[in-house]
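A.B. asks: Just passing along the structure, written as structure tokens.
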Amino acid sequence: MRRRTPTAGLALALFAAVTATLTTTAASAAPAPVSAAPALAAAAPDISVTNVQAHLTQLNTIATNNGGTRRAGSAGYTASVGYVKAKLQAAGYTVSEQYCSTCTYPSNNLIAEWPQGPADQVVMFGAHLDSVSAGPGINDNGSGSATLLENALVLAQQNPSMTKRVRFAWWTDEEQGLNGSEFYVNSLSATQRGYIKGYYNFDMVASTNGGYFINRLTSTTAAPLKAYWDSLNLQPEENVEGQGRSDDYSFQQAGIPTSGYAAGASARKTSAQATKWGGTANVAYDSCYHRSCDTTSNINATVLNRSADGVAYAIWQLAVGGGTPTNDFSVAVNPTSGSVARGGSTTATVSTATTSGSAQTVNLSATGAPSGVTVSFSPTSVTSGGSATMTVSASATATTGTFTITVTGAGSVTRSAAYTLTVTGTGGCTGGQLIGNSSFESGSAPWTASSGVITNSSSQAARTGSYKAWLDGYGSGHTDTLSQSVSIPAGCSSYTLSFWLHIDTAETTTGTAYDKLTVQVGSTTLATYSNLNAASGYAQRSFNLAAYAGQTVTLKWTGVEDASLQTSFVIDDVTLQVG
């Protein structure tokens, strides 16, 4: 969290009331053992707190291996995204990363959707995945992130029929001002916002001296969260401390109904709360809030368990229906289009996902290829949830033009996806150097750059000639970008992106990456450099871009500098040599 200056009959009645509303709106604090509350939450699964804590251990290890932090934009944050993403993809979720270009530390939100239920009836559950720079952020907010991850995995494992679509989100840059969630909400159209019938936020749900707080406690949106904690006689209170301080605020500002759980941050527990919930009066709910001691030792397993089970209850009440789901799957091709020259070939990835019922064998085939073009798959069949490589090859006499190839998956049902193929008349590889104005000596075109980046300033020497691209170097919070769009031909044997990089810094640390340069192709990060890579002179950096043959991509360099002590990222002689 960012800093700022009932009976079975009751359960049925609650479910009906909440469903109607959503449809019309489009460590010491352990006073009693955890109750299973079977009458209230009979249909919802019991979430293993041991499994949630195992995720927290992984996040703690990630921080330890990356300078003790998982701050947005850091290597620790990137590794945290990778850990959560891998778990979700293996479980069958539709997973995407959204690059937050306006964040203080540009980095990715992670969005995962369970591909069942109506797409225009979404219930969303979110938590921020970043920590502060000072520590690993295991309560703030590994606890919320791990709680949602385990709930997502259990939902996939149980695979019930769905009355609504469930979407999970892990936000970046929350600690810098709710930037990741705000970027996401602003990226939605009015129609897409209307699809979200409720957003639930979970920020710090395992505070060691914690309480039981709910956002917008008396709202209809909060009803399932409150009902579960009421069933344990916890007597939850309004989350006054957290108002406007976490990612639910971004959704609330957009008119989307919100709620969520919290266990408290730096505010102090009152005597009345200590009497009701246990713990110590006049002591902070989390004495390690925003400190390096926010590790796996800073977790109250009882509060964490009750929070995780309450999330499961809400998911089942809001979005899960009865009955046995029909076995079904989906097919998608990425990229959705490609180009191949006569005598050449190109590839794409065919992905499948189990959308309901159980996983099944899917046999892959393609139709619609023109004369002289062959389409093959490796492997030729997958279990739904798996993927295959599609290779499109054109002979020297292949028919030229643009064609729609239908990729079909056959199992208990048949599903398909379209791929647009362009066959060009020339054969072989059109080699050469593809970067325009590669040494920056001919003005700014075809580069797109922040003001002042392309310069002949004598304060930093060019490698060749007089001009270079100089990102950052201000000694204050600053972001510079440099990019160029490039069409990469198919049919070549080598695709090498190279550039010369000089890093000059006034930072004195030998262990913390305060200022960073990120190199991207499209939304894929090739490398990240920082003040820790500073050295005299230029060093050549090279990358293989064969995976992008036949595509038009944007090459982008983003330099982000923190509030003090300059770091200059100086780039010259950029080439993309194919042959």
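The values are calculated or read from the model by the stated rules, or taken from the named source; none is laboratory data. Predicted model only: the values in this text are computed from it and were never measured. Surface areas here come from the heavy atoms of the whole protein model, side chains and all, with no ligands, DNA or RNA. Shrake-Rupley method; radii C 1.70, N 1.55, O 1.52, S 1.80 Å.
A.B. asks: Size of region 455-579 along its principal axes in angstrom, Cα-based, largest extent first?
C.D. replies: 47, 30, 21
A.B. asks: Using each residue's phi in region 375-390, evaluate 6.51 cos²θ - 1.76 cosθ + 1.60 at θ = phi - 60° and report the 3J(HN,Hα) Karplus result to the nearest Hz, with x for Gly and Pro.
C.D. replies: For region 375-390, the Karplus-derived couplings read 10, 10, 10, 9, x, 7, 9, 9, 8, 3, x, x, 9, 9, 8, 9 Hz, x marking Gly and Pro.
A.B. asks: Collect residues whose amide H, placed 1.01 Å from N in the peptide plane, falls under 5 Å from the amide H of TYR495; neighbours closer than 5 in sequence don't count.
C.D. replies: LEU545, ALA546
A.B. asks: Per residue of the chain, what 222 nm ellipticity follows from adding -39500 (n - 2.57) for every DSSP H run with n ≥ 4, rounded to the nearest 500? Write down the numbers at each step before the final one.
C.D. replies: On the way: 10 runs with 121 residues, N = 579.
Helices in the chain give a 222 nm mean residue ellipticity of -6500 deg cm²/dmol.
A.B. asks: Any chance you could run the full-extension gain for SER189 through THR361? It's 0.36 nm times the residue separation minus the Cα-Cα distance, nm to one decimal. List each step's numbers first, then the result.
C.D. replies: On the way: separation 172, 0.36 × 172 = 61.92 nm, distance 3.66 nm.
Once the chain is fully extended between SER189 and THR361, it gains 58.3 nm.
A.B. asks: Right, something else. For region 136-262, divide the Cα radius of gyration by the Kirkwood radius and give the resulting Rg/Rh value with two decimals.
C.D. replies: Expressed as Rg/Rh, it is 0.95.
A.B. asks: Right, another one. Using the Karplus equation 6.51 cos²θ - 1.76 cosθ + 1.60 (θ = phi - 60°), what ³J(HN,Hα) coupling, rounded to whole Hz, does each residue of region 55-67 give in order, writing x for Gly and Pro?
C.D. replies: 5, 5, 4, 5, 5, 5, 5, 4, 4, 4, 7, 9, x
A.B. asks: At a 1.4 Å probe, what is the % contribution of carbon and sulfur to the accessible area of the chain?
C.D. replies: 49 percent
A.B. asks: Can you give me the convex hull volume of the Cα atoms of the chain, divided per residue and expressed in Å³?
C.D. replies: So the per-residue Cα hull volume is 152 Å³.
A.B. asks: Under a cut-off of 17 Å between alpha-carbon atoms, report the lysines in cross-link reach of LYS276, not counting same-chain residues fewer than 8 places apart.
C.D. replies: Filter leaves LYS226.
A.B. asks: Please compute the Kirkwood hydrodynamic radius of region 272-424 from all pairs of different C-alpha atoms, in Å with one decimal.
C.D. replies: 20.0 Å
A.B. asks: Excluding ligands, DNA and RNA, what is the solvent-accessible area per residue of region 206-258 at a probe of 1.4 Å, expressed in Å²? Present the calculation step by step, with values, prior to reporting the outcome.
C.D. replies: Numbers: 1750 Å² over 53 residues.
I get 33 Å² per residue for this part.
A.B. asks: Once amide H atoms are built 1.01 Å from N in the peptide plane, which residues 5 or more positions from THR270, or in another chain, come under 5 Å H to H?
C.D. replies: The list, which skips near neighbours in sequence, is ASN282.
A.B. asks: For region 212-284, what is the per residue volume of the convex hull drawn over the alpha-carbon atoms, in cubic angstrom?
C.D. replies: Convex hull volume per residue, Cα atoms: 76 Å³.
A.B. asks: Note the per residue figure in Å³ for the convex hull of the C-alpha positions in region 188-341.
C.D. replies: Details: hull volume 31.3 nm³, N = 154.
So the per-residue hull volume is 203 Å³.
A.B. asks: Here is a follow-up. Eigenvalues of the Cα gyration tensor times 5, then square-rooted: what semi-axes does that give for region 435-528, in whole angstrom, largest first?
C.D. replies: Each semi-axis is √(5λ); the values are 25, 19, 13 Å.
A.B. asks: So, for region 457-522, what is the accessible surface per residue at a probe of 1.4 Å, expressed in square angstrom?
C.D. replies: In whole numbers, region 457-522 has 40 Å² accessible per residue.
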